Structures are given as structure tokens and as C-alpha cells.
Amino acid sequence: MLKRVHFPASALPYLLVAPQILITVIFFIWPASQAVYQSFLIEDAFGLSSEFVWFENYQVLWDDDQYFDTFWRTIVFSACVAVLSMGAALILAAFADRVVRGATAYRTLLIWPYAVAPVLAGALWVFMFNPTLGIFPYMLDMVGIDWNHYLNGTQAMMLVIIAAAWKQIAYNFLFYLAAMQSIPRSVIEAAAIDGAGPMRRFKDFIFPLISPTTFFLLVINAVYAFFDTFGIIHAVTQGGPANSTTILVYKVFNDGFIGLDLGGSAAQSVILMFLVITMTVVQFRYVERKVEY
Amino acid sequence: MATITLKDLVKAYGDTEVLHHVAADIQDGEFLVIVGPSGCGKSTLLRMIAGLETVTSGEVSIGDRMVNKLEPADRDIAMVFQNYALYPHMSVRENMAYGLKIRKIDKGEINRRVEEAADILELRPYLDRKPRQLSGGQRQRVAMGRAIVRDPQVFLFDEPLSNLDAKLRVQMRLEIRKLQQKLGVTSIYVTHDQVEAMTLGDRLMVLNGGYVEQLGTPIELYDRPATVFVAGFIGSPAMNLITVEASENQLKLPNGAYLEGGNDLGKVTLGIRPEHLVSDGIGPIRVTVQLFEQLGANTLLHGVLEGTDCDIVASLPGHVSASAGTVMCFSVQAQNLHIFDIQTGKRIGA
Ligand SMILES: Nc1ncnc2c1ncn2[C@@H]1O[C@H](COP(=O)(O)OP(=O)(O)OP(=O)(O)O)[C@@H](O)[C@H]1O
Ligand SMILES: [Mg+2]
């Protein structure tokens, strides 16, 4: 039975949580509600007046093939980013788990990319892949590949995927390494005695035993790819060429601030908001339920 | 089945040597127990034999193969860990079958062997459970099962019973012994519990600070401990160790009494087992009683040599009691005296 403790009513607890509430309201609740409100409005072409239209903005999106293309593109982009960065992080963590000498230096170097701001990370890749100046197009040219992500949409997509994935590797690496190090040594040793070589041990023990982390990271990476890659895309391709790298967040920005369709842009951002809420709920549900293998 | 030979084995972590020139010949089918206090290097030695630690210098051979450079998988050994190290995501059946599956043994044969082992260990009803659904004793048996299905040349045990309660420990101890005798597999068993060591081992290796103090049968170790350390470690309650003055065929106790025995050696350490002190009312060893511990079949007397602060423990048959402060007299047969060099701790004489 739970014991109920009653405290005399006082202002102090409210005072203590007030700053946090204030921040949440000013920076999250208020803008979010503004977005919801905005999504019900349509402005005239000169931005002088607006009309309340209920769900018309959503209706327009629903009928817009381009919006569905963007949706699909975002999913492909996110899946590629998640798989690429988690895969790379997994391999690096597997090696880091085995190194003995220089382990700290190795880990520190791997964690660095996480500290780089998205726009800077983007700039870095822009320079490296610049079709006229960059080192990679130069090298690719030698094997007969003509690299120009300003013209080639697929190449542009590949570039933003690589840049976005690279940025997230450090984060994934940290979680994977921690997960691997929490597997009891003796379990792996027992497997070694049972005759499993390093590859086999990875496949039969390490990978299944870190599956809770894999799931957690999958959600985190999806959220990251959906929402936090704006800076990278803005710096690298600005959504182009021909919208080939425009994902949902970028379209919100593009339609709202470039196209000045504030209502449509707000409707898109409300949809995105529901997406992130869903993912977060899945995440919490899962973390609470604690995985069973 | 195989012999194991350890030749001049050394293990160092960086500059610190934790095992010093360990040598031993273990017979085919023998049960060797490595015993010693915490941190003496028991696990390290076992793990070197398993191939989980590198050998700094010296040789480990299993059968007539030098295995220093072989992976654990290629040494044909099975190991039972202190925390069991069961595979948490696999059922009991899969846990036991894993080593066979890797060796590409056919399904029918795997099932037969797993079920046979499950019968021996009474694990049949649990074959489809996960390790976390088992009690400590059952997990321990699964770990044993995983070792026996492999039918290896050597079993290695690293304190496999230390996580069990006292009663289960005694029971499992017997089971391990029976199983080993039935299978006849050469086994090395690490423990810090001297009772476990005495009851299980064909021979015992007593390790202390990385040195082998003595290697012999339990009876040899009990009757003729080679060093003061072994004398104090083997036997329960521990041997009384008293500094005495040895002159011409006489040993002078701190309370001034004389015992027969010894040589002209000066100061030596005299060892007398508590169970060898005979209360006869006239003996030279006069002990001031402090308290009794009643164990039922026998009684432990704790006291000091009269007029000194030299602790004495005596194990007396039956029920004995007396009030604190009374003096009881004991004698000892000459063959039950153990004399050790006070500097080196080595046994002197027979
Ligand atoms: N990786 C290591 N680096 C440095 N020293 C180590 C390492 N592993 C063990 N040691 C040292 O080696 C010695 C022997 O350790 P070991 O684990 O073999 O002891 P043990 O006899 O098994 O003790 P216990 O009964 O507590 O298990 C200890 O003094 C320990 O500090
Ligand atoms: Mg140990």
C-alpha cells in the first residue's frame, strides 16, 4: 500500500518549478500552439490579411503529390542515415571494445565529430566534395566517376546522407561501446572456449545482447535524421538540385520562409510535430518495458 | 582425457609478476584442486591453462601438445565460471548445445548428448527455460551440463560453488566429485575454501602470493605440511602456531613448560593441530580457558597459554565445559608436533 503524505499547501513548490514551466511554455508550448493556429490560416499573396480556413491547408497537402514524394524521400534518407551511421558505429565499437593500447585516444577521436555543429559538418563535406576543388571528386575522377552533386540528384542525396551519418556516428558509437562493455566478459570467454571465433561471437552473442541498444538507437537516429539534419542539408545542397534532397523539415523551411506559404508550412510542421511525438512515445514505452532477450 | 603439464610457468602484468615459476604434472583422470587465499593467483593460473590469459614464460601442455599459442577453442577444454557465464538469450538446451553446434555435430547426436547430460544433472524439466528463469543451483548445473556435453579432455572450474548457499554447496560438491569419477576427465578446480579442497581433490596445490607452497594429497598436506602457510591454511580449526625455543631434544614453550622433541635449533615455530591436544589433567601445556564453542560432536576450547597472551585452540571430543579462567592441562604426542624454520617458514625434520 502506498502511504500518502500530505504537505501543507504552500507557494514554494510552484515557485521552484516555475522557471522550468516558464521555459517550456515560452519556447515550446507557445510556438507549437502558434503553429497549430497558423496552420488553419491562409494568407493573401501580399501578406496583408489572412483568412481562417480550418483544414484547408491539410487538404492541400493531402492532394499534393510533391508532398508525398518528400515524405518518401525523407523515409529513404532517414533509413540510409540510420543504417549507415549505426553500422559504422557498430563496427568501430566492436574494434574499440578489443583494443587495449591507446584505447582512450581512439575513443576520444571517435567522439569528436559529435561536437561539430551541423552547419560546420556540412561545410566540411561541401569542401571535400566540391566538384571543382574537392579532393573526393578528384579521386573519383581517377576511377572514372564524374562527381557533381550540384547537378546530379542521386549524388547530392548520397552526399547529405554521408554527411548526416558521419555526424551521428560518435553518438551511436558511445552507446554501442557502453552496451558491449556491459556484457559480462565471462560470457564471451565461455563462447570462446565453446569454440566460437571472433566473428561468430559477434554474431551469436554481442549483436543479440546489445539489441536493446540497437532499438533505442534506431529511434534516436530516425528522430535525428527527420529533424536535426536541417543544418547539414542547408549547408550542403539547400534541398537541391531540383528538390532531390528536400526532406520534410527542409520543405517546412522552404515553403514557409522562401515560398512564404506560412499556412501550408505551419500545417507541415504540425504533421512533423505529431511524428516526433509518436516516436517519442514509442521510445518511452519501450525503454520502460525493458527488453527481454 | 589427458595429462596436463605446467613447466616453469610465469605470469606478469607489466612489471608485476603475479605467478612465479609454477610447475606441476597432472595425471590423466586426476582431480587437482588449486587452493589459496584471495588474490594469490588461482584464477590467473587456471585462465592461463584455458588460454584466456597469455603465458609470460614457461609452458602449458595438454596431452602431449604444447598449447601456449593455441586459442581456447583449440585446446579441447571446458570451463565452469564462478558466475556461470550462461548465455542469457539462449534456452538451457541451446546453452548446452552451442559448443556442439559450432563443431558441426549433427542434430540428432547433439540432442542425444544434451538430453543425456540433462538426465545426469536432473535438468530435463528446464531444457526450454532461459537462464534467468532458473535458481542459482540450477544455473550452476546448466554450466556443468554445458561442460560435460562437449566431452572435453579437461574440465576447468573457477570457484563454481561460491555463489551457492552452504547446504547446496555441500550437495553440489559431492555431485561434482561423483560426476568427475564417473567421467574420468582430468579436472582442475580452483577454490579458496580449504574444506572444499580437501574433500574434492586427489591432490591439492596450495598457492600463496603466486608461489606454490605445496603440492600433494590432502592427507600429505594435513599430516606433513611443508610450510607454516600450508599448516595454517589446511585443517579447520587452524593449527596452533607458537614460537618456541628449541634446545637439546626439548622445546621450551612461552609459559616456561617443556615438550619433548626438536633439536638444537634456537627459535622455531611449533605447530600443533587443535584436535591433537589431549586433555589429560597432567600435561605440560597449561591453558587458561576463555570460552567454549559447542559444536555438538565436539567442543572447541579457546584460551591462552597460562601466563602469556599466546592463543590456543583445542578441539575436544564430546561436551566439555568449564568456567572462564580455569586452567586445563594438555599433552601432545611427539609425532603430532610440526616444527618450522622461523625465518623461511619451511618444515624442519620429518
Ligand atoms: N589484469 C590485471 N592486471 C594487473 N594485475 C592483475 C590483473 N588481473 C589480476 N591481477 C592480479 O593478479 C593477482 C592474482 O589474481 P587472481 O584473479 O588470479 O586471484 P585469485 O587467486 O583468483 O583470487 P580470488 O580468490 O579473489 O578470485 C592479484 O593480485 C591481482 O591483483
Ligand atoms: Mg579468482
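For region B:36-80, which positions are of a type in the set (Lys, Arg) and more than 18 Å from the chain's Cα centre (by Cα)?
Of all residues in region B:36-80, those of a type in the set (Lys, Arg) come to B:42, B:47, B:65, B:69, B:75.
Within region B:36-80, B:Arg65, B:Lys69, B:Arg75 qualify.
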How do the helices (runs of 4 or more DSSP H) wholly within region B:182-258 filter down when requiring 2 or more residues that are more than 16 Å from ligand 1 (Cβ to nearest atom) and among the acidic types (Asp, Glu): which remain?
B:218-223
Kindly indicate the residue of region B:191-240 that is of a type in the set (S, T, N, Q) and within 16 Å of ligand 2 (Cβ to nearest atom) and also nearest to B:Val33 (Cα to Cα) among those meeting that condition.
B:Thr191
In region A:131-150, which residues are open to solvent by 100 Å² or more (accessible area, probe 1.4 Å) and outside any helix (DSSP H, G or I)?
A:Thr132, A:Leu133, A:Val143, A:Asp146, A:Tyr150
Please verify whether B:Asn95 is assigned to a helix (DSSP H, G or I) and within 14 Å of another protein chain (Cβ to nearest Cβ), treating the condition exactly as stated.
yes
Qualifying positions in region A:196-207 - within 11 Å of another protein chain (Cβ to nearest Cβ) and either exposed (fewer than 15 other Cβ atoms within 10 Å of the Cβ) or at pLDDT below 90 (or both):
A:Ala196, A:Gly197, A:Pro198, A:Phe207
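Just the residues that are of a type in the set (D, E, K, R), open to solvent by 50 Å² or more (accessible area, probe 1.4 Å) and farther than 28 Å from A:Ala170 by Cα, please, taken from region A:60-82.
So the first thing to find is which residues in region A:60-82 are of a type in the set (D, E, K, R), and the list is A:63-65, A:69, A:73.
Filter again for open to solvent by 50 Å² or more (accessible area, probe 1.4 Å), leaving A:63, A:65, A:69, A:73.
Once the filter is applied, which keeps residues that are of a type in the set (D, E, K, R), open to solvent by 50 Å² or more (accessible area, probe 1.4 Å) and farther than 28 Å from A:Ala170 by Cα, region A:60-82 yields A:Asp63, A:Asp65, A:Asp69.
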Tabulated pairs, region B:25-53, first among the hydroxyl-bearing types (Ser, Thr, Tyr), second assigned to a loop (DSSP other than H, G, I, E, B) and within 9 Å of ligand 1 (Cβ to nearest atom), C-beta under 7 angstrom, 6+ apart or interchain
B:Ser38/B:His192; B:Thr44/B:Glu53
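Of all residues being open to solvent by 40 Å² or more (accessible area, probe 1.4 Å) and not in a strand (DSSP E or B) in region B:1-36, which is modelled with the lowest pLDDT? Just the residue, please. Give the derivation first.
Keep residues of region B:1-36 that are open to solvent by 40 Å² or more (accessible area, probe 1.4 Å), which gives B:1, B:3, B:7-8, B:13-18, B:21, B:23, B:25, B:27-28.
From what is left, the residues that are not in a strand (DSSP E or B) are B:1, B:3, B:14-15, B:27-28.
Numbers: B:Met1: 63, B:Thr3: 91, B:Gly14: 88, B:Asp15: 91, B:Gln27: 92, B:Asp28: 92.
So the residue we want is B:Met1.
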Which numbered condition B:Ser61 misses (of (1) more than 10 Å from chain A (Cβ to nearest Cβ); (2) closer than 22 Å to B:Arg173 by Cα):
(2)
Going through (1) on the phi > 0 side of the Ramachandran plot; (2) open to solvent by 20 Å² or more (accessible area, probe 1.4 Å); (3) assigned to a loop (DSSP other than H, G, I, E, B) one by one, B:Gly58 fails only at (3)
What is the residue count in region B:15-58 for residues that are over 20 Å from B:Phe229 (Cα atoms) and either near ligand 1 (Cβ under 8 Å from one of its atoms) or within 14 Å of chain A (Cβ to nearest Cβ) (or both)?
11
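The values are calculated or read from the model by the stated rules, or taken from the named source; none is laboratory data. Everything numeric here is computed off the predicted structure, so don't read it as measured data. As a convention, Cβ positions derive from the backbone with ideal geometry for all residues, glycine included, and neighbour counts pool all protein chains shown. With ligands, DNA and RNA removed, areas are computed over all heavy atoms of the protein, side chains included. Shrake-Rupley method; radii C 1.70, N 1.55, O 1.52, S 1.80 Å.
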